[in-house]
Amino acid sequence: MPDEKDILKNLKTSSLDRRISIAKASFVAGTRWATSNATSFFASDEEKEKRRKKALTEQANYLVSEIGKLKGSIVKIGQMMALYGEHFLPREVTDALNTLNNQTVAVDWQSIYPHLQNELGAKLGELEVDPSPIGTASLAQVHRATRKSDGLQMVLKIQYPGVANAIDSDMNLFKQMLKITNLLPQTREFDQWFDEVREMMHREVDYNIEAATTKRFADYLKNDSRYIVPTIIDEFSTPLILCMTYEEGIPVNSKEMLVLSQERRNLIGEASLDIAIKELFVWGEMQTDPNFGNYLVRLANNDQTQDQIVLLDFGAIRQFDQTLLDMSHALLLAGYNHDLEAMTNAMHGYPFFDQIPSSVKPDMARVFLLATEPFSSHQNNPELPEGVMGEDNRYDWKRSQLHQRVMQRASKSMASRYFSIPPKEFMFISRKFIGAYTFMTVIEAKTNIREAFV
């Protein structure tokens, strides 16, 4: 059971309650900001900048702590801003928002049970539900359950009451909070991204959509034993309750993973990227949330011949149009062949790239070539750092330090200002691959993923 201090007794679901909480937090943060500016009036420029960053960090941390108490979509919005906010917000703010992913305060069972009773009615009597959640998130928490008739082990993903109805007002509150506290960038691109987050929130709280998506991915992967997709139990599912089979596994970043043999970690790493490639180029729809909490690994035992990746969450699925998919495939193929000219040509026909001067595109293409380095080989990529890839074209993710190298190259690139706010579709795709790359780096995999691409 969670400690008492880790349990939220009451959920603020009314629009008025949430407005008052955010208004109070915004006022306090704004007052602190004004006070900090006033006390820095006679300081040197260096001291002013030091105090500004300190005040910004304190301001952001305070706001995030208050947001975390509200649960619901406003927390999810903050988490999305942490993922993609590097393009809009100061580093101090995104660092603070990132801590929202670690806030696992559960809602008290006495508040959840009446909601569960209202949704399932008499069917609830057919279940034995553990009152202590096995997982908490911004929009829902997960409880284990046993079907009394046959002992089937299940989980109930229980959406917090009032969450769906609060999305639009929470979006407005979050935007107002950023504006009041001088954290909001006044740009058209930010407004477009905010609207995209709003649409994502509405999709994510629709459990009918998530149930259908989970079934669809289960069908996609039914003949691939490397993956496990939970089975949806329609009998105990409602628009606000998602019931599925309980699937065991260990966290991706657990100590048990790192003691596996190199070969086993290699296979798990290859599977993690292989599914990202299939999502983008075969199925045309992608799980856009790279949070490690959405995955488990079920280790092989005496009855199994291979380790398996358990895919837990299909609420953040996004479809892509064929034009974008074709261009993305062409970019990766150019990276596979390590072909600068092909990489540059692959950009043609997409509005974001078409408005970039032709003189800048080769520089941008070089950044993409570096990002797709794992798809290349010794045979066609003379720029591979020594020791990063073996003769069998197995890429050493930990040794490569690829993410840092790409960021360093991009920041120095002539095209850096065009990378500042890329199209939202590219944000999703890049974050997905960064998530897969991070997955393989964390488990110290060495992978040959060329065959997965072709």
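Rule-based calculations on the coordinates, nothing more; no lab input. Given the structure is predicted, the values throughout are model-derived calculations rather than measurements. All Cβ positions, glycine included, derive from the backbone under ideal geometry; neighbour counts span all protein chains shown.
Taking a quarter of the surface of the Cα convex hull of the range 249-454 gives a mean projected area of 11.8 nm².
Between D224 and Q379, the contour length at 0.36 nm per residue exceeds the Cα-Cα span by 52.7 nm.
Using only alpha-carbon positions in the range 138-262, the gyration tensor eigenvalues give semi-axes of 34, 21, 15 Å once each is multiplied by 5 and square-rooted (largest first).
Shown here are the Rg and Dmax of the Cα trace of the range 293-356, at 18.7, 57 Å.
Using C-alpha pairs under 8 Å with a sequence gap of at least 6, the mean separation divided by the residue count of the range 319-454 gives a relative contact order of 26 percent.
Amide H contacts under 5 Å for I250: V297, R298, L299, restricted to partners 5 or more places along the chain or on a different chain, H placed in the peptide plane at 1.01 Å from N. With a simple spin-label model that places each label point 7 Å from the Cα along the Cα-to-Cβ direction, the separation between T57 and N98 comes to 1.3 nm. As an equivalent ellipsoid, the range 369-416 spans semi-axes of 21, 12, 7 angstrom, where each value is the square root of five times an eigenvalue of the C-alpha gyration tensor, largest first. The modelled label-to-label distance for the pair L340/E391, using points 7 Å beyond Cα in the direction of Cβ, is 3.0 nm. Provide the FRET efficiency to the nearest 0.05 for the S149-E263 pair, computing r from the beta carbons and using R0 = 60 Å. Taking R0 as 60 Å, the efficiency between S149 and E263 is 0.90. Across the range 427-447, the residues whose backbone nitrogen lies under 18 Å from the label position 7 Å along the beta-carbon direction of W283 are 428-437.
What FRET efficiency, computed as 1/(1 + (r/R0)^6) with R0 = 22 Å and r the Cβ-Cβ distance, is obtained for A212 and D321, rounded to the nearest 0.05? E between A212 and D321, to the nearest 0.05, is 0.60. Taking amide H atoms as placed 1.01 Å from N in the peptide plane, the amide H of Y227 lies under 5 Å from those of I309, each 5 or more residues away in sequence or on another chain.
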